[in-house]
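This report concerns only the one structure given below.
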Amino acid sequence: MVEYSQLGSGTDTLAGSHMKRVSSHNILYSGIALIATLYLGVGIAMNRDHLLTLSQSLTSYKAASLFISSVPTPTPEPTLIISPSPTISLVARKKTIKPQDSSPWGVAEKVDDVTYTIKVGNDAVMTTPQELFNSLNNYRSINGKQSLNWDNTLATYAQQRAEHFKSIGSTDKHSGFNAYLDSGDGFQQLGYRRLGENSYYGGPLNGVHLIEWVFAQSPGHNANQLDSQWTHVGIGVTDTSANLIFGGEGM
């Protein structure tokens, strides 16, 4: 029973009683603290085991990661490169076609002072000296001129000239004839004081066509074959050429 007789004594008594009560609490607190300590220890132990397990897992994961990372990178399969088909080069080959001859048929076109060209249709065969001789005299007769006589000396020289044209593939614009008369004593050898020449090179023509289609279309050639002062003629022929040598005023 607690008495409040003096403050000092009461304080002491109260203090003693209080100390006892504190001791009980202390025991309780100590128990609780012990239990907490044990729980904490157990928790720490469990956490330690958990951490150990976690550490082992991490180690295993790291090892696995390292193992995975150490797996060699797969070698990529070679890429199939398809080369394009070879380019086909198209080469255009040009072929030049000669322009068609626009000159009119049967019209003599002058090339120089003594040469003419004319477009005529060819015959099946070339004329002969005799046929050409007959065609010449017939043409002269039609035009009121006397007939010419045949001269073998003139004919021999005319044949030489015709063969020369064939060999060179053209006429020589009377250069050989002039040279023969000027420096080769041609007048004396042929036996005439006046001499003339009509020359032809080209495709085959019969006598009438050569006289009337070709020579008659050229003023100079036509004047030669119709000249009234000629008395004789000699003719030479090949398959591509013809030559007429006219003579007048025999020596």
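The values are calculated or read from the model by the stated rules, or taken from the named source; none is laboratory data. Remember, it's a predicted structure, so these values are computed and weren't measured experimentally. Methodologically, a virtual Cβ is constructed for each residue, glycine included, from the backbone with ideal geometry; neighbour enumeration extends over all protein chains shown. Calculation scope for accessible area: heavy atoms of the full protein, side chains included, ligands and nucleic acids excluded. Shrake-Rupley method; radii C 1.70, N 1.55, O 1.52, S 1.80 Å.
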So residue 186 passes all but one of these: (1) open to solvent by 10 Å² or more (accessible area, probe 1.4 Å); (2) without any contact (Cβ under 8 Å) to a residue 60 or more places away in the chain; (3) more than 19 Å from residue 128 (Cα to Cα). Which condition number does it fail? (1)
Determine if the range 215-224 includes at least one residue that is assigned to a strand (DSSP E or B), in contact (Cβ under 8 Å) with a residue 60 or more places away in the chain and not β-branched (Val, Ile, Thr). no
Could you say whether any residue in the range 238-249 is in contact (Cβ under 8 Å) with a residue 12 or more places away in the chain, in contact with a His (Cβ under 6 Å, 6 or more places away or on another chain) and crowded, with 22+ Cβ neighbours inside 10 Å? yes
Evaluate the range 142-151: report whether one residue or more is at positive phi and within 55 Å of the chain's Cα centre (by Cα). no
Picked from the range 190-203 (must be at pLDDT 95 or above and of a type outside the set (Ser, Thr, Tyr)), the residue most open to solvent (accessible area, probe 1.4 Å) is 193
Being assigned to a helix (DSSP H, G or I) and either touching an Asp or Glu at 6+ places or on another chain (Cβ under 6 Å) or loosely packed, with under 15 Cβ neighbours inside 10 Å (or both) is true for just one of 141, 147, 135. Which residue is that? 141
Any residue in the range 165-180 that is under 14 Å from residue 232 (Cβ atoms) and either surrounded by 16 or more Cβ atoms within 10 Å (Cβ to Cβ) or touching a residue at least 60 places away in the same chain (Cβ under 8 Å) (or both)? no
Of the residues 153, 127, 117, which single one is open to solvent by 60 Å² or more (accessible area, probe 1.4 Å) and modelled with pLDDT of 95 or more? 153
Can you tell which of 229, 160 is modelled with pLDDT of 95 or more, open to solvent by 50 Å² or more (accessible area, probe 1.4 Å), in a loop (DSSP other than H, G, I, E, B) and polar (S, T, N, Q)? 229
